[in-house]
Amino acid sequence: MNNPAKEEARKRIESLTETINHHNRLYYQEDEPEISDFDFDRLLEELVKLENAFPEFKKEDSPTQRIGGTITKTFETATHSVKMLSLGNTYSKEELIAFDERVAKGLGHRNYDYFCELKFDGVAISLVYEKGRLIRAVTRGDGYKGDVVTENVRTIRNIPLTIKDSNLPEYFEVRGEVFLPRREFDKINKERKERNEALLANPRNAASGTLKMQDSGVVAKRRLNCNFYQLIGDDLPINHHHEAVTMMEKWGLNISTAYKKVKDIHATLDYIEYWREKRHQLPVDTDGVVIKVNNYYHQEELGFTAKIPRWAIAFKYQAEKAKTKLQSITYQVGRTGAITPVANLSPVSLAGTTVKRASLHNANEIERLDLHEGDMVWVEKGGEIIPKITAVIKELRNGAEKPISFLKNCPECGTKLERNKGEAKHFCPNAESCPPQVLGRMEHFVSKRAMDIDSLGTERLRALIHQGYIRNPADIYDLPQFKDELMGLEISDEQYVKSSLGYLFVSLKKALYAITESITLKEIEQFLADHESMESIPKIQYFRDLIPKFNKRVEENTASVEKFLKELTFFEFDQIEDYVPVAVVIAVMGDLEKDDIENIKSASIHKSTVHDLITNGKLEFSDTLLGKIKKLKGNTFQEGVIFNMMEGIRNSISQPFPRVLFALGIRNIGENTAVLLAEHFKNMNALQTAADESLLEINGIGNTAVNSIKAYFSKKENLDTLNRLKNHGLNFELDKSDIQWISKKLEGKKILASGKLNHFNRDEIIEFIASHGGIYSKTVSKSLDFIIEGEEMGPSKKEKALKLGIQLISEEEFLQSFTNINNEKNR
């Protein structure tokens, strides 16, 4: 090199790169930083300037690649080559010994050892490397597919962008846990507090939220970290998990040094005890220990249950517990009508978060605990995640506590609840019109592979159902005549809850905003975040005392909050932390009398939003008060949203008959079965009047499906809905173009594709099989004719297929059989 300046720049770039990598390693892997963040940032800035001036010296794994800056507006999804498994877990020594007995019985000997590693409280991630380069990072998602967050993961400084090794596989995958070290979490919260911003709840949630941020530049500043624990690849020269860990360490992947290979379950228990207290000294939160059978051949022999591996288990350390007061019980209605009681608690700090609610599962749990309203109770976080009441502190009872009588009527629709003999759950039998149950059916009806009305998302559907516009699919096609009424309808109901008797409550944030003037919603949010651990009444009292500091209409706002406090203590309502009765809020806003509050209270039962209350509550308010009430509302339908909804509804009318049939949601009639029925019977009337024998003639239709079809057509309300849908112009008859069969080569055959395909995505392979007369199945069963085996097919699916004797063919073999057909088509 003849240019001295260039040579000097090259040397400086190399020197800076080495120095920065050294400090990254000290900071992220050894937890022993030698320089300040300020000095580190100065080194990085110098490297950025030099690389910009001499781009020819910039390497693809330069530390400057970590600073981010890419904006990702939406995250794509990707299918995992091997399912990201969940683990069974235990809290007891006895269950661990029982696990060991199962392993010994499954293998038929005790010639095995275990690998122990700490279970970190972070976000699971899968990284794919090709030719040594990081090409994709995907979150766990549902275990089968997750979000692609590659640009954000590239900013994590202890994750190699490139790996160099003489024996590096062409393609491999590593899995680990992304986490936010405690010191970074504390640092971020300190800075947020100085800027008067809401504090982050805990490191795990912060890591999860950071990983899904749209701006990778912001992600880089959060200084996430990652520990790896699994290596996946073809023909790797390893037979044990500890060898995989050693190999990952050799490649520069960060492995927690807390791991240990142990000879038996007794040594495993020693490892667990060693880390029980010592884990709190680590820079990251941990909640347990993962124990794996070390030998891969033993793992393969032990196999899997339906959900978890038989060769691994997680031991969870006993959760932190805290004492608090049970204020009230409210009830949630699920989409199947199941009722879940929820305990409303005085705020208490537990495992780094403020807990205000806990699930009680069912009436049996309330009886088992002998719960009374007003009891002091012990609360734990099951697995340090889900709050639960574990016991009542009965010695602290003072006689003022009230026994709990389980709810008798649905809080959503008022229907009398039922409880089947031998079942723990109560349920609402009003499947036809109970809002949460209607929502599940409507979501299916408008879904992409059914009527495909993407402008009717869950929130919009929920709003339309809650406020009486939709009860069944036919109501969707009546919406255009109500489009003027929809203007101003609240879309989101997240700010609302219902009391045990179904009275409407609104968030304290919205209530304080509505009853005051000039104090901004942001100021109220900050106040509530700063005092999250206070109970509602003391919190409102403190807010009143702080009003002079806001310096905004002090006298008027103080009087309004004072009246609010008075009315809250005067009327009897369930206590629900962070929520207050809508009736009281409106009364304060309108300076109303006692009788008016009672009227509003009565009108608010079974109402879902303020808009619903005003529109359907048969109440009369002045224009001035109605104007003020707008401050209580959430987001509302606007002209553009309504226009898109109407367009989506109009376009869906042209969906073909098979999709209409699938959209109806007849039990046990999936997408492929709907296609079979449509092709065989040609129209809805023929299907409705078909005899059982005629239905059973179709390959793929069994007694279960027949019974479901008969049950659906036997209900008058379903027939009324079908008649209305037909009058709206939906296709109840098969058009020849609806099912475009290129050939009948696969007619009557049931096929599954598993693993990564090179020529099809999931929707494309389903449509391809259907276009040749086949039926696509989503599960491995005896009825399959064959499975198209893609790259990295899930081991559990493959194992089950081989046991059932199902033929496996490659994607290439599958396509080769269609060569002649495609040639004919292209002539």
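The values are calculated or read from the model by the stated rules, or taken from the named source; none is laboratory data. A quick note: this is a predicted structure, and the numbers were derived from the prediction, not measured. All Cβ positions, even for glycine, are placed from backbone atoms using ideal geometry, and neighbour counts span all protein chains on display. Accessible surface areas use protein heavy atoms only, side chains included; no ligands, DNA or RNA. Shrake-Rupley method; radii C 1.70, N 1.55, O 1.52, S 1.80 Å.
For segment 723-759, which positions are in a loop (DSSP other than H, G, I, E, B), at pLDDT 80 or above and open to solvent by less than 30 Å² (accessible area, probe 1.4 Å)?
Leu730, Phe732, Leu746, Gly755, Leu757
Looking only at segment 504-514, decide whether some residue is buried (at least 18 other Cβ atoms within 10 Å of the Cβ), in a helix (DSSP H, G or I), modelled with pLDDT of 90 or more and among the basic types (Lys, Arg).
Yes, the conditions are met somewhere in segment 504-514.
State all residues of segment 461-495 that are touching a helix residue (DSSP H, G or I) at 6+ places or on another chain (Cβ under 8 Å) and closer than 30 Å to Asp530 by Cβ; if no residue qualifies, say none.
Selection gives Glu490, Ile491, Ser492, Asp493, Gln495.
Kindly indicate which of Thr354, Thr340, Thr330, Thr324 is open to solvent by 10 Å² or more (accessible area, probe 1.4 Å), β-branched (Val, Ile, Thr) and either over 30 Å from Val438 (Cβ atoms) or at pLDDT below 85 (or both).
On inspection, the qualifying residue turns out to be Thr354.
Let me confirm something: among Lys756, Lys749, Lys744, which residue is touching a residue at least 60 places away in the same chain (Cβ under 8 Å), among the charged types (D, E, K, R) and under 21 Å from Gln816 (Cα atoms)?
The match here is Lys756.
Please determine, by comparing only the residues of segment 549-600 that are in a loop (DSSP other than H, G, I, E, B), of a type in the set (Asp, Glu) and within 40 Å of the chain's Cα centre (by Cα), which one is modelled with the lowest pLDDT.
First pass over segment 549-600, keeping only residues in a loop (DSSP other than H, G, I, E, B): 551-553, 571-575, 577-578, 591-593.
Within this subset, residues satisfying the condition of being of a type in the set (Asp, Glu) are 572, 574, 577-578, 591, 593.
From what is left, the residues that are within 40 Å of the chain's Cα centre (by Cα) are 572, 574, 577-578.
Details: Glu572: 75, Asp574: 80, Glu577: 88, Asp578: 90.
So the residue we want is Glu572.
Would you mind finding the one in Leu565, Leu521 that is open to solvent by less than 20 Å² (accessible area, probe 1.4 Å), without any contact (Cβ under 8 Å) to a residue 60 or more places away in the chain and farther than 23 Å from Tyr331 by Cβ?
Answer to the check: Leu565.
Criterion first (part of a loop (DSSP other than H, G, I, E, B), exposed (fewer than 15 other Cβ atoms within 10 Å of the Cβ) and acidic (Asp, Glu)) does Asp186 satisfy it?
no
Here's a check for you: in segment 104-144, which residue that is assigned to a loop (DSSP other than H, G, I, E, B) and basic (Lys, Arg) is modelled with the lowest pLDDT?
Arg140
Scan segment 52-80 residue by residue and report those that are modelled with pLDDT under 65 and either hydrophobic (A, V, I, L, M, F, W, C) or open to solvent by 90 Å² or more (accessible area, probe 1.4 Å) (or both).
Within segment 52-80, Ile67, Ile71, Lys73, Thr74 meet the criteria.
Taking Leu350, is it in contact with a strand residue (DSSP E or B) (Cβ under 9 Å, 6 or more places away or on another chain), within 27 Å of Pro473 (Cα to Cα) and among the aliphatic types (A, V, I, L, M)?
No.
Can you tell me which residue among Glu432, Glu459, Glu443, Glu485 is under 27 Å from Val660 (Cα atoms) and free of Cβ contacts under 8 Å to residues at least 24 places away in the same chain?
Just one listed residue meets the conditions, Glu443.
Here is a yes/no grid of residues against (1) of a type in the set (A, V, I, L, M); (2) within 25 Å of the chain's Cα centre (by Cα):
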residue	(1), (2)
Ser81	no, yes
Asn89	no, yes
Ile97	yes, no
Tyr112	no, no
Val128	yes, yes
Leu134	yes, no
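Could you please find all residues in segment 674-722 being part of a helix (DSSP H, G or I), of a type in the set (Ser, Thr, Tyr) and without any contact (Cβ under 8 Å) to a residue 40 or more places away in the chain? I'd like the intermediate steps shown before the answer.
Residues of segment 674-722 that are part of a helix (DSSP H, G or I), as a first pass: 674-681, 684-688, 692-696, 703-713, 716-722.
Filter once more, so that each one left must be of a type in the set (Ser, Thr, Tyr): 694, 704, 708, 712, 721.
Within segment 674-722, Ser694, Thr704 qualify.
Can you name the residue in segment 601-626 that is among the small types (Gly, Ala, Ser) and closer than 19 Å to Gln495 by Cβ and is also nearest to the chain's Cα centre (by Cα) among such residues?
Only one residue tops the list, namely Ser608.
Give the residue that is farthest from Arg460 (Cα to Cα), with candidates limited to residues of segment 606-618 that are open to solvent by 40 Å² or more (accessible area, probe 1.4 Å) and part of a loop (DSSP other than H, G, I, E, B). If you could, list the steps in order and put the result at the bottom.
Quick first cut of segment 606-618, residues open to solvent by 40 Å² or more (accessible area, probe 1.4 Å) only: 606, 614-616, 618.
Retained after the next criterion (residues that are part of a loop (DSSP other than H, G, I, E, B)): 606, 618.
Working: His606: 19, Lys618: 24 Å.
The extreme case among them is Lys618.
Give segment 635-665 a look and list any residue that's open to solvent by less than 10 Å² (accessible area, probe 1.4 Å) and outside any helix (DSSP H, G or I), or say none.
Phe637
Could you list, in sequence order, the residues of segment 518-559 that are within 22 Å of Gln575 (Cβ to Cβ) and among the basic types (Lys, Arg)?
Lys539, Arg544
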